[in-house]
Amino acid sequence: MCRNITELRGLEPPATADEVEAAARQYVRKVSGVRHPSPANVEAFEAAVVAVTAATRTLLDALPERRQPPKTVPPLRRPEVQARIAARG
């Protein structure tokens with residue numbers, strides 16, 4: 001469904017809260033078709049992100065360990081993404 005959401009299960013070290021939240025945000029964006037919610041929709045959008053984040057964490061905690069790590073590096077762990085985030089702050 002969404003090519004930009006990477007696998008979070010089986011990472012070493014485990015997926016961070018930021019990575020789980022970023023995946024949830026990307027999912028909500030894709031499902032809603034809204035990249036930047038309007039002021040009228042921001043509350044519903046953010047509530048959905050919180051709910052999906054919680055569901056994702058519950059799922060990751062319940063699944064058994066993977067035998068092999070994921071084939072891709074999550075976006076928030078890539079050095080170029082970390083540098084871009086640091087430059088914004």
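The values are calculated or read from the model by the stated rules, or taken from the named source; none is laboratory data. Note that the structure is a prediction, hence the values are computed from the model and not measured. As a convention, Cβ positions derive from the backbone with ideal geometry for all residues, glycine included, and neighbour counts pool all protein chains shown. Quick note on the areas: whole protein, heavy atoms, side chains included, nothing else; ligands and nucleic acids left out. Shrake-Rupley method; radii C 1.70, N 1.55, O 1.52, S 1.80 Å.
Comparison of 15, 22 shows that the only residue that is in contact with a Leu (Cβ under 8 Å, 6 or more places away or on another chain), small (Gly, Ala, Ser) and in a loop (DSSP other than H, G, I, E, B) is 15. Among the residues of region 59-67, is there at least one that is surrounded by 14 or more Cβ atoms within 10 Å (Cβ to Cβ), of a type in the set (D, E, K, R), more than 18 Å from residue 85 (Cβ to Cβ) and over 10 Å from the mean Cα position of the chain (by Cα)? No: region 59-67 contains no residue that is surrounded by 14 or more Cβ atoms within 10 Å (Cβ to Cβ), of a type in the set (D, E, K, R), more than 18 Å from residue 85 (Cβ to Cβ) and over 10 Å from the mean Cα position of the chain (by Cα). Looking at the structure I just gave you, is residue 73 modelled with pLDDT of 85 or more, β-branched (Val, Ile, Thr), surrounded by 12 or more Cβ atoms within 10 Å (Cβ to Cβ) and under 25 Å from residue 9 (Cβ atoms)? No. Among all residues of region 32-48, there is at least one that is aliphatic (A, V, I, L, M) and part of a loop (DSSP other than H, G, I, E, B).
Within region 41-57, the set of residues being open to solvent by less than 90 Å² (accessible area, probe 1.4 Å) and either touching a strand residue (DSSP E or B) at 6+ places or on another chain (Cβ under 7 Å) or β-branched (Val, Ile, Thr) (or both) comprises 42, 49, 52, 53, 56. Looking at the structure I just gave you, is residue 6 in a loop (DSSP other than H, G, I, E, B) and either surrounded by 12 or more Cβ atoms within 10 Å (Cβ to Cβ) or not small (Gly, Ala, Ser) (or both)? Criteria met by residue 6. Evaluate region 30-50: report whether one residue or more is modelled with pLDDT of 95 or more and under 24 Å from residue 10 (Cα atoms). Within region 30-50, one or more residues are modelled with pLDDT of 95 or more and under 24 Å from residue 10 (Cα atoms).
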